[in-house]
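J.: First the structure, which I've put down as structure tokens, then a few questions once you've had a look.
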Amino acid sequence: MSAVAIEGVWKYYGDYPALKKVELRVEPGSSVALLGRNGAGKTTLLRIIAGLSKPSQGQVRILGSDVRQERARRRIGVLGHGISLYDELSAAENLMVFARLYGLPDPRKSALEWLERTGLERVRDGLVREFSRGMKQRLAVARAFLHDPEILLFDEPFTALDDRAIEVLQKLLSGAHAAGKTIVMSTHQLKEALVIATHVALIRRGEIAYAGERTQQMADDTGWLYRTYEA
Amino acid sequence: MSSELRTAEAGAAVRIEPRARPRTSLLAKIWTITAKDLRSEMRTKEALNASIAFSLVILVLFSFAFDPSSDQFQEFSGGLLWLVFSFAGALVLNRSFARETQNDCLDGLLAAPIPAAALFLGKAFANFALLIAVEVVSIPVFGLFYDVHWAGQFGELALVTLLGTWALTVIGTFFSALTVNLRMRELMLPTLVYPLMIPALMAAMKLTTDLLAGTPINAENVFGLKLLAGFDFIFTLLSLVMIDTVLVG
Amino acid sequence: MRSKILLALGAVCAGLLTWDFYRIFDMLPDEANQGAIYRIIYIHVPSAGTAFTFFTIAMLASVLYLATGKFKYDAVSAALIEVGLVFAGIVLVTGSIWARIIWGVWWAWEARLTTMLICWLTYAGYLMLRRAVEEPTQRARLSAVLSIFGFAEVVIVYKANVWWRTLHPGPVLTIRNGGGMAPGMENEIYWNMLAFVCLAVVMVMVRMRQEEIAREIDSLRRMAHSY
């Protein structure tokens, strides 16, 4: 059973197809870098995988169940463009809200545990509004990992992060990868993505132009992939 | 284009364990949403303070619009009260889903394992509580300013107020969700919401006027109560059915 | 094909309207109590019928859009509501003129008039919502939801108004219960209704085509921007 199975997904905005019959299977334990230019459809596809948007045709299965089913959503951790945290709540309160929504047995304990792992235990009662950008980002990472998801979906995770947050995220991601979690991340920063990617999928104008294992060639010459398949 | 991403070793080595299903009831999740909304509102009290202040301003303005000591006042006192509720309430309802656009919070909630309908109910309950809070302040002030003995039929008045407020809440919360991503959100919400609220407001105004004037619920105006209950039922149901369509596009 | 139907229907409609107006203004006598002004009913009632029919079909089309995701239902519903709104406007204006002459006031808060006004406001909101949403799929989805809510509300308003306002009966013209209309006069209403529906259908078809073209332009624009 695939961790993520994208089956003939089309997405239309009016008559304009943003995604054209996307087929992609991500096996458990693999780590996929979803590459492509701005506007190629990376975010659209990732939002559909995360169940934040419905495909016009086709469907997405997460470990065999439809992504809009609760069972599937419990197993994915999403980090999108925004941090999805409430400014007026404290760090601990924010995590506890999500811990409760995910039905974790001890919301308080999980929240404190993840605050510690992301180096935020000192400010656990501080309001998110007062946090620096980097702290907010680390908290957002904690929120995505909080319920120990089997599949991690990250949209441009490295774009807005500061050094410390990138470090935290890289560490967590390689830990998750080592633990056999599945990772799908969209990015146009090939370098950071290829550190942990086992596979690469390139989207061009709403279509999968290339999908396959990560090769040494891609890492050595970051322009190669685009030159070969973007034309 | 079809593609298969498979790592021989990874695919074989990783086994997905069937996980014990967390036992969190839907009610607990709804309450989590309600508590979250109320807590973040109570931190700043932005919407609540604005709404209460606005309701007081409207109550004062009314005294210039007509002669509060005239006998005719009895005939439209209920109408005034509901105008206050619906105008001041709009400030609370407007904030409801707008709160979720900051930091893309809505995405976080929609990705979580909670049905959109439960999300809607959680937010609606929070709005309901805030609207009731505004009303609890403005009804006594109204009674004081205009010499209205509102507590005479307290039980009936409370029932009408609760039913009417739920009607405002359901429509307001639903359309707060519907307009959340529009560029003219603040303009769109009142133009869409007030016409839709008319049947409920109509019934609530008439019943409240009767009750304030000392007329009990009788054979003639009980229709208003049925109308309110029916309105609440129909639009709660419609909202619960359609909220997923509205939020996940 | 479609433009031929459009032309044919337009021709039928023009013929019908000419014939109807000839009969209404030249053949039919003045009404005993109201005099010449009663003729406004031949505009008023068919317009109301057209508007309510269109709003109902628009609601059904909206349900179909949400069920199938096919844009033609969105175009149908948008066109029906826009044209329906024009006819609802005619109802309000003609009703008002008639009321001024017969009742002596421009407006009376009478059941059907009130319902029509609230209906007009609700569906005007629908058109405003369509303007506020740029992305066609989102626009179709949100406006379909509003059309369903609006319809439910209009039905409730009508029921409520009939209950309350007619408890204190005003001089409401009843057609069906033989409220003083001669059969010849009454039949003409139905003929004109047919003509109005024809006219409205022609307008709806034109509007639908515009909707389709607008969507195509939007998609071309997106395509141009994506490269």
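Every number here is computed from the coordinates shown, using simple stated rules; none is lab data. Keep in mind that what you see is a predicted model, and the values were worked out from it rather than measured. In this analysis, Cβ positions are derived from the backbone assuming ideal geometry, glycine residues included, and neighbour counts consider all displayed protein chains.
J.: Rounded to whole Hz and in sequence order, give me ³J(HN,Hα) for the stretch B:223-234 from the Karplus expression 6.51 cos²θ - 1.76 cosθ + 1.60, θ = phi - 60°, writing x for Gly and Pro.
T.: 4, x, 5, 5, 4, 4, 4, x, 4, 4, 5, 4
J.: How large is the dipole of the stretch C:36-221 about the Cα centre if only Lys and Arg carry +1 and Asp and Glu carry -1, each at its Cβ, rounded to the nearest 20 debye?
T.: 120 debye
J.: Give me Rg over Rh for the stretch A:4-229, both radii from the alpha carbons and Rh done the Kirkwood way, two decimal places.
T.: 0.97
J.: May I ask which residue of A:Leu169, A:Val32, A:Ala209 lies farthest towards the positive end of the charge dipole of the stretch A:4-229, with charges of +1 (Lys, Arg) and -1 (Asp, Glu) on Cβ and the Cα centre as origin?
T.: Farthest along the dipole direction, towards plus: A:Ala209.
J.: Putting +1 on Lys and Arg Cβ atoms and -1 on Asp and Glu Cβ atoms, find which of B:Met242, B:Leu228, B:Ser86 reaches farthest to the positive end of the dipole of chain B.
T.: B:Met242
J.: Which cross-chain or sequence-distant (5 or more) residues have an amide H under 5 Å from the amide H of B:Ala112, H modelled 1.01 Å from N in plane?
T.: none
J.: Springs between alpha-carbon pairs under 10 angstrom, Gaussian network model over chain C: which of C:Ile41, C:Ile24, C:Ile156 fluctuates most?
T.: Answer for the Gaussian network model of chain C: C:Ile156.
J.: Mind listing the lone cysteines of the protein assembly as shown, meaning no other Cys beta-carbon sits under 4.7 Å from theirs?
T.: B:Cys105, C:Cys119
J.: Between B:Thr179, B:Thr215, B:Thr169, where does the largest GNM mean-square fluctuation fall for chain B, given springs only between Cα atoms within less than 10 Å?
T.: Of B:Thr179, B:Thr215, B:Thr169, the most mobile in the Gaussian network model is B:Thr215.
J.: Something else: Calculated from DSSP H runs of 4 or more alone, at -39500 (n - 2.57) each and per residue, what is the 222 nm mean residue ellipticity of chain C, nearest 500?
T.: Calculated from helices alone, the mean residue ellipticity at 222 nm is -28000 deg cm²/dmol.
J.: Using Cα positions and a limit of under 13 Å, work out the aspartates and glutamates in reach of C:Lys72, with same-chain residues fewer than 8 apart set aside.
T.: Here the aspartates and glutamates satisfying the reach criterion relative to C:Lys72 are A:Asp15, C:Glu211, C:Glu212, C:Glu216.
J.: Now a separate question. What whole number of Å gives the distance from the Cα centroid of the stretch B:119-156 to the Cα centroid of the stretch C:183-227?
T.: Their Cα centres are 46 Å away from one another.
J.: Please report the spacing between the Cα centers of the stretch C:48-69 and the stretch A:52-77 in Å, no decimals.
T.: Taking the Cα centre of the stretch A:52-77 as reference, the centre of the stretch C:48-69 is 31 Å away.
J.: State the Cα centre-to-centre distance between the stretch A:87-149 and the stretch B:29-48 in whole Å.
T.: 18 Å
J.: Let me ask another. Lysine pairs in the stretch B:25-247 with Cα distance under 23 Å, only those 8 or more apart or on different chains: how many are there?
T.: Pairs that pass both the separation and distance tests number 5.
J.: Of C:Val91, C:Phe21, C:Val204, which is farthest on the positive side of the dipole of chain C, counting Cα position, with +1 on Lys and Arg Cβ, -1 on Asp and Glu Cβ, and the Cα centre as origin?
T.: Toward the positive end, the furthest listed residue is C:Val204.
J.: Would you list, by chain and number, the aspartates and glutamates whose Cα falls below 17 Å from the Cα of A:Lys21, excluding same-chain residues fewer than 8 positions away?
T.: A:Glu7, A:Glu207, B:Glu4
J.: Sort C:Thr18, B:Thr208 by Cβ crowding within 10 Å, fewest neighbours at the top.
T.: C:Thr18, B:Thr208
J.: With +1 on each Lys and Arg Cβ and -1 on each Asp and Glu Cβ, and nothing else charged, work out how big the dipole of the protein assembly as shown is about its Cα centre, in Debye to the nearest 20.
T.: Here the size comes out at about 1740 debye.
J.: Using the count of nearby Cβ atoms within 10 Å as a rough guide to exposure, how do A:Arg133, C:Arg209 rank from fewest to most?
T.: Result, fewest neighbours first: A:Arg133, C:Arg209.
J.: Taking amide H atoms as placed 1.01 Å from N in the peptide plane, list the residues 5 or more away in sequence, or in a different chain, whose amide H sits under 5 Å from that of A:Val4.
T.: For A:Val4, the qualifying residues are A:Val26, A:Leu63.
J.: Under a GNM of chain A (C-alpha, springs under 10 Å), which listed residue has the highest mean-square fluctuation: A:Leu85, A:Leu115, A:Leu101?
T.: For chain A, modelled as a Gaussian network with Cα springs under 10 Å, the answer is A:Leu101.
J.: Please get the size of the charge dipole for chain A, origin at its Cα centre, with Cβ charges of +1 on Lys and Arg and -1 on Asp and Glu, quoted in debye to the nearest 20.
T.: 420 debye
J.: For the cross-link pairs A:Lys109/A:Lys171; A:Lys11/A:Lys181; A:Lys171/A:Lys191, which exceed 24 Å when the distance is taken from alpha carbon to alpha carbon?
T.: Too far apart for the 24 Å limit: A:Lys11/A:Lys181.
J.: Quick check on the exposure proxy: order A:Leu19, A:Leu172 from fewest to most C-beta atoms within 10 angstrom.
T.: A:Leu172, A:Leu19
J.: Angle check, please: helix C:111-132 long axis (alpha carbons) against the longest principal axis of chain C (alpha carbons), in degrees 0 to 90, nearest 10.
T.: 20 degrees
J.: Oh, and also: So what's the angle, to the nearest 10 degrees on a 0 to 90 scale, between helix A:133-145 and the longest Cα principal axis of chain A?
T.: Between the helix axis and the principal axis of chain A, the angle is about 80 degrees.
J.: Taking chain B as the reference, fit the longest principal axis to its C-alpha atoms, fit the long axis of helix B:73-101 to the helix C-alpha atoms, and give the angle between the two in degrees, 0 to 90, nearest 10.
T.: The two axes meet at around 20 degrees.
J.: Quick check: net charge around A:Ile166, other residues with Cβ under 12 Å of its Cβ, Lys/Arg +1 and Asp/Glu -1?
T.: Net charge in that neighbourhood comes out at 0.
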